[in-house]
Amino acid sequence: MSQQPSVVLATASYDHTIRFWEAKSGRCYRTIQYPESQVNRLEITPDKRYLAAAGNPHIRLFDVNANSPQPVMSYDSHTNNVMAVGFQCDGNWMYSGSEDGTVKIWDLRAPGCQREYESRAAVNTVVLHPNQTELISGDQNGNIRVWDLTANSCSCELVPEVDTAVRSLTVMWDGSLVVAANNRGTCYVWRLMQGTQTMTNFEPLHKLQAHDQYILKCLLSPELCEPNRYLATASSDGTVKIWNVDGFTLEKTLVGHQRWVWDCVFSVDGAFLITASSDSTARLWSMSTGEEIKVYKGHQKATVCCALHDGTEPS
């Protein structure tokens, strides 16, 4: 067994490669060719062993610590771009959302798709509620749906803005808030109230006009960032804005990318943010200063997604 990296940082690009980086030095130490499609999303398993790459229409799982260019597993029943992928907290199962209009659940220990939910429009984003029993999806028609995994049905549906695609969803680590970002640069914020039943109720809290252009990704800060709570919004205007969740005031604007910023991910303690951009770079930012600390250069085309796991593995 090779020495496991304490920090796993990966990016993927329209140049059909996935790259692994040394976060501190900025050195790329491994490149995986991904010739069949672009990669839309990257996610690392909770135990840091595998990297999931969501492409068109497959999801491939790569071994983080092996040097093999071949995936260890492939998940194949989507029929269009897979736009979202993530893992249950113990890493027992994976969820995905696709432009084929479906949300799927995959048991990582068994082949094939275990469950499928129909959104009837291209799914752009899916997040798992911290309770691990509800998936929340957002689609191209502007629908947000809660999929109750226990009841195996859609328990809630809302449309914040008719015919305006929901591009990205994020849930606070304690399940108290959900934010949806759309193609008009708007973030809708709801308080999540656990009802008397298990069903989650959305209570409108705030509408934030964050950017004049598309928001491509919104992300709430992690638990270890407390008591500070931030919302990051990455936009086609080339900036990432950091909002204080207490009042949704603008804390800072991260300026440095030359083109669209497609993705962002917080370090485990919320002290740093990594971003991926059409300018072909990924960048590391200090949340305290808003300064750029490191540029990850190597991709030949737009860098559209990034994944980071710098925490300890779940015990």
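The values are calculated or read from the model by the stated rules, or taken from the named source; none is laboratory data. Keep in mind it's a predicted model, so treat the numbers as computed, not measured. Heads up, the Cβs are rebuilt from the backbone with ideal geometry, glycines too, and the neighbour counts pull from every protein chain shown. Side chains are part of the model used for accessible areas, which takes the heavy atoms of the whole protein and leaves out ligands, DNA and RNA. Shrake-Rupley method; radii C 1.70, N 1.55, O 1.52, S 1.80 Å.
Tell me whether segment 249-260 contains one or more residues that are surrounded by 18 or more Cβ atoms within 10 Å (Cβ to Cβ) and modelled with pLDDT under 95. Among the residues of segment 249-260, not one is surrounded by 18 or more Cβ atoms within 10 Å (Cβ to Cβ) and modelled with pLDDT under 95, which makes the answer no. Does residue 300 count as of a type in the set (S, T, N, Q), within 22 Å of residue 165 (Cα to Cα) and surrounded by fewer than 19 Cβ atoms within 10 Å (Cβ to Cβ)? No: the conditions fail for residue 300. Within this structure, residue 281 fails the test of being free of Cβ contacts under 8 Å to residues at least 12 places away in the same chain, of a type outside the set (A, V, I, L, M) and on the phi < 0 side of the Ramachandran plot. Do we find that residue 168 is in a strand (DSSP E or B), farther than 15 Å from residue 40 by Cβ and of a type in the set (S, T, N, Q) in this structure? It is false that residue 168 is in a strand (DSSP E or B), farther than 15 Å from residue 40 by Cβ and of a type in the set (S, T, N, Q).
For segment 261-287, a tally of residues being among the small types (Gly, Ala, Ser) and open to solvent by 20 Å² or more (accessible area, probe 1.4 Å) returns 3.
For segment 218-244, enumerate the residues that are open to solvent by 40 Å² or more (accessible area, probe 1.4 Å), of a type in the set (A, V, I, L, M) and either in contact with a Leu (Cβ under 7 Å, 6 or more places away or on another chain) or farther than 20 Å from residue 311 by Cα (or both). Matches in segment 218-244: none. For segment 145-163, a residue qualifies if it is without any contact (Cβ under 8 Å) to a residue 24 or more places away in the chain and on the phi > 0 side of the Ramachandran plot, and exactly one does: 163.
Where strands (runs of 3 or more DSSP E) fall wholly inside segment 40-89, the ranges with 2 or more residues that are open to solvent by less than 20 Å² (accessible area, probe 1.4 Å) are 41-44, 50-54, 59-63, 82-87. Given the condition in a loop (DSSP other than H, G, I, E, B), open to solvent by less than 10 Å² (accessible area, probe 1.4 Å) and within 24 Å of residue 35 (Cα to Cα), answer yes or no: does some residue in segment 109-121 qualify? No; the residues of segment 109-121 include none that is in a loop (DSSP other than H, G, I, E, B), open to solvent by less than 10 Å² (accessible area, probe 1.4 Å) and within 24 Å of residue 35 (Cα to Cα). When residue 293 is tested against (1) open to solvent by 30 Å² or more (accessible area, probe 1.4 Å); (2) farther than 19 Å from residue 28 by Cα; (3) among the hydrophobic types (A, V, I, L, M, F, W, C), exactly one condition is not met: (2). Is it the case, given these coordinates, that residue 219 is out of contact with any Gly (no Cβ under 6 Å at 6 or more places or on another chain), in contact (Cβ under 8 Å) with a residue 60 or more places away in the chain and either closer than 14 Å to residue 270 by Cα or in a strand (DSSP E or B) (or both)? Against the criterion (out of contact with any Gly (no Cβ under 6 Å at 6 or more places or on another chain), in contact (Cβ under 8 Å) with a residue 60 or more places away in the chain and either closer than 14 Å to residue 270 by Cα or in a strand (DSSP E or B) (or both)), residue 219 does not qualify. Could you check, for segment 207-215, whether at least one of its residues is within 17 Å of the chain's Cα centre (by Cα) and within 18 Å of residue 130 (Cβ to Cβ)? No - not one qualifying residue is present in segment 207-215. Is at least one residue of segment 27-34 open to solvent by 40 Å² or more (accessible area, probe 1.4 Å) and among the basic types (Lys, Arg)? Yes, there is a match, as at least one residue in segment 27-34 is open to solvent by 40 Å² or more (accessible area, probe 1.4 Å) and among the basic types (Lys, Arg). Can you find a residue in segment 292-305 that is farther than 26 Å from residue 64 by Cα and in contact with a strand residue (DSSP E or B) (Cβ under 9 Å, 6 or more places away or on another chain)? Yes, the conditions are met somewhere in segment 292-305.
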